[in-house]
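Scroll down for the structure; my scribbles are underneath it.
The values are calculated or read from the model by the stated rules, or taken from the named source; none is laboratory data. Computed from a predicted structure; not experimentally measured. Note: ideal-geometry Cβ built from the backbone for every residue, glycine included; neighbour counts use all protein chains shown. Heads up: the accessible areas ignore ligands, DNA and RNA and are worked out on the full protein's heavy atoms, side chains in. Shrake-Rupley method; radii C 1.70, N 1.55, O 1.52, S 1.80 Å.
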Amino acid sequence: MVRPKVILDVDTGHDDAAAIMMAGRSDALDLAAITVVSGNQSLDKTLRNTLNVCSELGIDAPIYAGMDRPLIEAPRHAPRIHGESGLDGPVFGPCSCVAESAHAVDFLIKAARSAQAGTYTLVPTGPLTNVAMALRLAPDLAGRLAGIVLMGGSAGRGNVTPSAEFNILADPEAAAIVFSSGARVTMIGLDVTTTLVLDDERLARYRSLPSRAARLFGASMERYMAACRAYLGEFPAMHDPACVAYVSDPEAFGVAECRVDVELSGSLTRGRTVVDLAGVTRKAPNARVALTVDAARFWAMLESALRRYPD
Ligand code: RIB
Ligand code: CA
């Protein structure tokens, strides 16, 4: 079985960092590159966080800086959850990683066009600005990518407004472009990610594992958990790692082929992913929507990923 070649597109905050850890030494996929976008924090901060995580863990994937703002709206960040740095909590040593000179969007186009069709799976875990720009500049990417497995949206409630999830709401126009691009889109939304909740007991167990990644995970998740409990009144969900888990073990997820449209103009509903689960629109499906996940298989994947970074 050929291992998927993955390009992560991140807005490194706490759960993006966990996704990078899962992909960085995976035994189920190859991390080819990381592109970075504005989201949880400004691009300079999400880039620095990505460089720091890869430097700390010795992940040598090339890292590209991308779009520093959404297509239309002003940037939306999440400092109450991820802090002023975007990854409050861990203290990093000197960073040995440096961003590539090419722009992330140019890299995405060049990589997809220079490889055989179907080579790369793009895994966006932040707002879809980089991905939308690449698809607009190079519409052929939709057919050249093996797929786009994105963290975002929900068939039900949102997490920023009652309607909208953060990654979609941060750039709804970009999301609309991605869902209508013709690419093989898999939506890993709140329907499944909010069932993957890190509690105190599991955090204590993971952070005590004999591994550099476990220590970084612990320092990061301790702060993420405190913010989620204070601001959201809940334990933190493993939103972004769920995407890496899907690429690693898609059979652990239950998905449905659905039509997904993005609300752009509703004063109360802008950024909603309108998921036609019952097919009432009679529109052709344009995405696989994850509706269930085997949580035990997810946690086993995360724990084994953390163990793969020796002390
Ligand atoms: O709604 C959760 C998503 O928004 C996650 O990707 C988190 O990192 C933030 O980007
Ligand atoms: Ca993210």
Subject >> Candidate set: region 2-30, residues that are away from ligand 1 (no atom under 11 Å from the Cβ) and in a helix (DSSP H, G or I); chosen: the one most open to solvent (accessible area, probe 1.4 Å) >> reply: Gly24
Original post:
Just checking, how many residues over region 143-176 are surrounded by fewer than 24 Cβ atoms within 10 Å (Cβ to Cβ), free of Cβ contacts under 8 Å to residues at least 60 places away in the same chain and more than 14 Å from ligand 1 (Cβ to nearest atom)?
Top reply: 3
Subject >> Output for region 238-296, where each listed residue is surrounded by fewer than 14 Cβ atoms within 10 Å (Cβ to Cβ), acidic (Asp, Glu) and within 17 Å of Thr161 (Cβ to Cβ) >> reply: none
Original post:
Would a scan of region 71-89 turn up a residue that is surrounded by 23 or more Cβ atoms within 10 Å (Cβ to Cβ), more than 16 Å from ligand 2 (Cβ to nearest atom), farther than 20 Å from Asp311 by Cα and within 16 Å of the chain's Cα centre (by Cα)?
Top reply: no
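Scan region 197-206 and tell me whether some residue there is modelled with pLDDT of 95 or more and within 16 Å of ligand 1 (Cβ to nearest atom).
Yes, some residue in region 197-206 is modelled with pLDDT of 95 or more and within 16 Å of ligand 1 (Cβ to nearest atom).
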